[in-house]
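Enquirer: Before we start, here is the structure in question, set down as structure tokens.
The values are calculated or read from the model by the stated rules, or taken from the named source; none is laboratory data. Bear in mind the structure is a predicted one, so any value in this text is a computation, not a measurement. Virtual Cβ from ideal backbone geometry, glycine too; neighbours counted across all protein chains shown.
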């Protein structure tokens, strides 16, 4: 644009509007540097904001999934711990059975063994009733109900958690569409036992130990001997459960690591999109400040210069 | 050739010259005085040589028009370009239109505040988080309470934003069913202002016609009318036709508003009684025929208000964003409610089955307003959070209730954040929200960019116009000196002539 004539009001208006423009640039930079944020509203950078919004949503979701996984990891390690105790108990029972299987063992020794096995059974029950945050971990969904109850008179142990015939797996959501079970069925681990007079029915470790105790009481060496293998079998089952749990633990942990790795990248991208590049912002500010001072000084000169000054 | 000069003619010639110089200095004076007056057009003294006299010569015939009589003032004109005016008016209309749209969409964006840590999507995320928490601790009453509180918080955040959007829109274009809101709307206020200006334009037209018809040039009145037209064009799109005697017609589209000295049509902002629950914006009608001219009002502030406050779909509108929030919340509420009804709660009295009073989380009352305003969190569940259906109805379990630790339904509730929902265009709630605010952001940025472009062009046009009509004080000072010298010279001539006549009359004895 070429202007052959310049009106005075134009000079003043231009000068003032330039000063205001420059000042608004400075205010904008000041705001960015002070808040540390490059984008406050999507309209400031629609493309960047679209990415940013997506990343932020993903990030909060990742955070929630990590919370879920951590909850799962705690419960699985507690379950694993309880299973370890159960394994120790089974091991001890097996040792007792081995010692009791020797016909040379006296009646009084046998009754000693028997009362230790009785003690082991009640330890099993208490391990089976392990709680986490007030919730029974072996009860399936019935977390408010103690899964195992021991009738101390008869020796019957009933299971009242979610039965294996129903769904019993509590799961945590670890990603969109992916769930991992964090519990095992108590009945699967310890079984149950019903004692009615001399008849013992049931399954699993509880049944095997009750059978062992009854055999010790009646000095039935054959049954004591056969229960060694039974207990060994239960022990094997528990180890399998533990390795299954360990597998799930690893899976959870790997998922967590994967999410965290991705979060690191996400956080970097978020920072790149959202955070002000401080060195650049500050050098921009200096640059703008120079321009601002320039616009002030040029206006000052224009205001002072007039032909009127030279006319006497 | 000998020419005889009428004796005292020189006095008159010098007198005319002095008068012309004085007039010129008065014009300079006016120009300098108005150097900073908005819309002032630099004035110029139009002078030309006075008609020459026919001078009879000695021994020859009358010579026609050979004897100059000096200078004569013809007119005072203004330096002005009416075509530039028309361009600048158009540009003002475009700029104000986009600036208005930008301004109010920015406010809309501020209300939705997508990047704020306590905005709508934050409240949504908190709700889904609470559902996940509930899935992990379905038997914990405190966690259930937290879930309900989060639901309440999400609803409140949506409703607050929706209310603010509704209020913003009402303040711009009114709201049907609330007749008072039309009179106080921004659009109605601007329409009143337009009417006042139309009256003034018509009045100026009459005055200008009178002065022009009697041979004068009403520079100041013309300037005043130009300023008014420019102000009008900031408010709405007008077209101007020039007519005899410097009069103009003002039109909106094909509708004539001002013809010469008369306002043919003023504008009325009236309630839109034909509106539905979606609150159609104010109707603007011609006073003479009550024809609605909303579709003609495309430019200026009024045009911008009608776009941003309207029901259009081509660009973002407040109504559009409000509708999107409504859709989003309604879809979330519907999904949550259907899970709530299908799941199992801790209400043992009803065999853990949700009953009529507990089969929704979000209750929808009957009404005609947008659903988001009519939702409330089910008061029975607020009173007793154990009624939240955190458990699914499990077909492997007799009675369907697996136990208090069953949070599988709550997991499903939490995963709604990621669920693609047909009602949201097969997007998840999070993606839907993100995509809608991104579109809003792009629209704002586009409107802002075009407003800035229009402003740049406007500044250039204004510069070009000022080059023609603006006052340059230095130039005026030079003119002042020029005419001062001319005045002095004329005075000197008068003085000289006077001496000559003094000699002839008094000294020749």
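Enquirer: Scan region A:1-48 for residues that are under 20 Å from residue B:119 (Cα atoms) and more than 9 Å from chain B (Cβ to nearest Cβ) and jot them down.
Expert: The answer is A:35, A:36, A:38, A:48.
Enquirer: Here is a follow-up. So how many residues does region A:247-306 have that are touching a strand residue (DSSP E or B) at 6+ places or on another chain (Cβ under 7 Å) and closer than 30 Å to residue A:74 by Cβ?
Expert: Residues meeting the conditions: 4.
Enquirer: Is there a residue being free of Cβ contacts under 8 Å to residues at least 12 places away in the same chain and over 30 Å from residue B:317 (Cβ atoms) anywhere in region B:417-432?
Expert: no
Enquirer: Restricting attention to region A:272-288, and to residues there that are in a helix (DSSP H, G or I) and surrounded by fewer than 13 Cβ atoms within 10 Å (Cβ to Cβ), which single residue is nearest to the chain's Cα centre (by Cα)?
Expert: A:278
Enquirer: On to the next question. Being within 11 Å of chain B (Cβ to nearest Cβ) and either under 30 Å from residue B:407 (Cα atoms) or in contact with a strand residue (DSSP E or B) (Cβ under 8 Å, 6 or more places away or on another chain) (or both) is true for just one of A:51, A:61. Which residue is that?
Expert: Step by step, each of A:51, A:61 is checked, and only A:61 is within 11 Å of chain B (Cβ to nearest Cβ) and either under 30 Å from residue B:407 (Cα atoms) or in contact with a strand residue (DSSP E or B) (Cβ under 8 Å, 6 or more places away or on another chain) (or both).
Enquirer: Can you tell which of A:178, A:154, A:210, A:171 is touching a residue at least 40 places away in the same chain (Cβ under 8 Å) and closer than 29 Å to residue B:412 by Cα?
Expert: A:178 is the lone residue from the list that is touching a residue at least 40 places away in the same chain (Cβ under 8 Å) and closer than 29 Å to residue B:412 by Cα.
Enquirer: Being touching a residue at least 24 places away in the same chain (Cβ under 8 Å) and under 20 Å from residue A:204 (Cβ atoms) is the filter here, so list the residues in region A:129-150 that pass it.
Expert: A:130, A:136, A:137, A:138, A:139, A:140, A:147, A:148, A:149, A:150
Enquirer: Only one of (1) surrounded by 15 or more Cβ atoms within 10 Å (Cβ to Cβ); (2) within 15 Å of residue A:10 (Cβ to Cβ) is not met by residue B:451, so which one is it?
Expert: Residue B:451 satisfies every listed condition except (2).
Enquirer: If residue B:349 passes every condition in (1) free of Cβ contacts under 8 Å to residues at least 12 places away in the same chain; (2) assigned to a loop (DSSP other than H, G, I, E, B); (3) within 27 Å of residue A:144 (Cα to Cα) but one, which one does it miss?
Expert: (2)
Enquirer: If I filter region B:459-509 down to residues being in a loop (DSSP other than H, G, I, E, B) and either more than 30 Å from residue B:41 (Cβ to Cβ) or more than 7 Å from every other protein chain (Cβ to nearest Cβ) (or both), which single residue comes out as farthest from the chain's Cα centre (by Cα)?
Expert: Here the answer is B:509.
Enquirer: Same structure, new question: Applying the selection to region B:389-440, what residues are part of a helix (DSSP H, G or I), more than 9 Å from every other protein chain (Cβ to nearest Cβ) and in contact with a strand residue (DSSP E or B) (Cβ under 6 Å, 6 or more places away or on another chain)?
Expert: B:409
Enquirer: For region B:194-234, give me each residue that is assigned to a helix (DSSP H, G or I), within 24 Å of residue B:466 (Cβ to Cβ) and out of contact with any helix residue (DSSP H, G or I) (no Cβ under 7 Å at 6 or more places or on another chain).
Expert: Answer for region B:194-234, where residues must be assigned to a helix (DSSP H, G or I), within 24 Å of residue B:466 (Cβ to Cβ) and out of contact with any helix residue (DSSP H, G or I) (no Cβ under 7 Å at 6 or more places or on another chain): B:219, B:220, B:223, B:227.
Enquirer: Condition (residue is more than 14 Å from chain B (Cβ to nearest Cβ), surrounded by 11 or more Cβ atoms within 10 Å (Cβ to Cβ) and not in a helix (DSSP H, G or I)) applied to region A:297-306: is it met by at least one residue?
Expert: no
Enquirer: Let me ask something else about it. Checking residue A:104 against (1) surrounded by fewer than 19 Cβ atoms within 10 Å (Cβ to Cβ); (2) touching a helix residue (DSSP H, G or I) at 6+ places or on another chain (Cβ under 9 Å); (3) away from chain B (no Cβ under 14 Å), which test does it fail?
Expert: Evaluating residue A:104 over (1) surrounded by fewer than 19 Cβ atoms within 10 Å (Cβ to Cβ); (2) touching a helix residue (DSSP H, G or I) at 6+ places or on another chain (Cβ under 9 Å); (3) away from chain B (no Cβ under 14 Å) leaves (2) as the failure.
Enquirer: Moving to a separate point now. Of the numbered conditions (1) in a helix (DSSP H, G or I); (2) at pLDDT below 90; (3) over 26 Å from the mean Cα position of the chain (by Cα), residue A:219 fails exactly one; give the number of that condition.
Expert: With (1) in a helix (DSSP H, G or I); (2) at pLDDT below 90; (3) over 26 Å from the mean Cα position of the chain (by Cα) applied to residue A:219, the lone miss is (1).
Enquirer: Here is a follow-up. Just wondering, is there one or more residues in region B:48-61 that are surrounded by 15 or more Cβ atoms within 10 Å (Cβ to Cβ) and either touching a helix residue (DSSP H, G or I) at 6+ places or on another chain (Cβ under 7 Å) or at pLDDT 95 or above (or both)?
Expert: Among the residues of region B:48-61, at least one is surrounded by 15 or more Cβ atoms within 10 Å (Cβ to Cβ) and either touching a helix residue (DSSP H, G or I) at 6+ places or on another chain (Cβ under 7 Å) or at pLDDT 95 or above (or both), which makes the answer yes.
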